[in-house]
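J.: Take this structure, written in structure tokens, and hold onto it; I'll ask about it next.
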Amino acid sequence: MALGDRHQKKDVEAALKRAEAAGLKVRHDKNKHRWGWVLCCPCNDQTVVYCTPRNTGDEAKKINEFVRNHQRCV
Ligand SMILES: [Zn+2]
């Protein structure tokens, strides 16, 4: 991720860092309340990331689960 693409919520930012470290792609594509995506290129799956999730813990958990499901793909 380029500088300035950080997520404002620390929990979510940490989860995005883990996703990148696992080899998944993090795309910052802000549109209204959407922050961007976490993508798994090999199987073409993706999960949306919100800017201001109601519960940052849940949002981070969703990303962590996605990473767990897809770290074997990359
Ligand atoms: Zn995958």
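J.: Given R₀ = 22 Å, FRET efficiency for residue 45-residue 6 by Cβ-Cβ distance, to 0.05?
T.: E(calc), rounded to 0.05, equals 0.40.
J.: Please say if region 10-70 is rounded, prolate or oblate, where rounded means a/c under 1.5 for a ≥ b ≥ c the square roots of the C-alpha gyration tensor eigenvalues, and otherwise the choice is prolate for a/b larger than b/c and oblate otherwise?
T.: Taking the square roots of the gyration eigenvalues as a ≥ b ≥ c, region 10-70 is oblate.
J.: Could you please rank 70, 7, 28, 33, placing first whichever residue has the fewest other Cβ atoms within 10 Å of its Cβ?
T.: With the fewest neighbours first, 70, 7, 28, 33 line up as 33, 28, 70, 7.
J.: Oh, and also: To the nearest 10 degrees, how steep is helix 56-70 against the longest Cα principal axis of the chain, on a 0 to 90 scale?
T.: Result, in degrees: 10.
J.: Measure off 7 Å from each Cα along the Cα-to-Cβ vector at residue 14 and residue 61, then give the distance between these two points in nanometres to one decimal.
T.: Taking the two extended label points, one gets 1.5 nm.
J.: While we're looking at this one, here's another question. Quickly work out the residue 27-to-residue 71 label distance, labels modelled 7 Å from Cα along the C-beta direction, and quote it in nm with one decimal.
T.: 2.4
Computed from the coordinates by the stated procedures, all read-outs in this text should not be read as laboratory data. Bear in mind the structure is a predicted one, so any value in this text is a computation, not a measurement. Cβ: placed from backbone, ideal geometry, glycine included. Neighbour counts: every protein chain shown.
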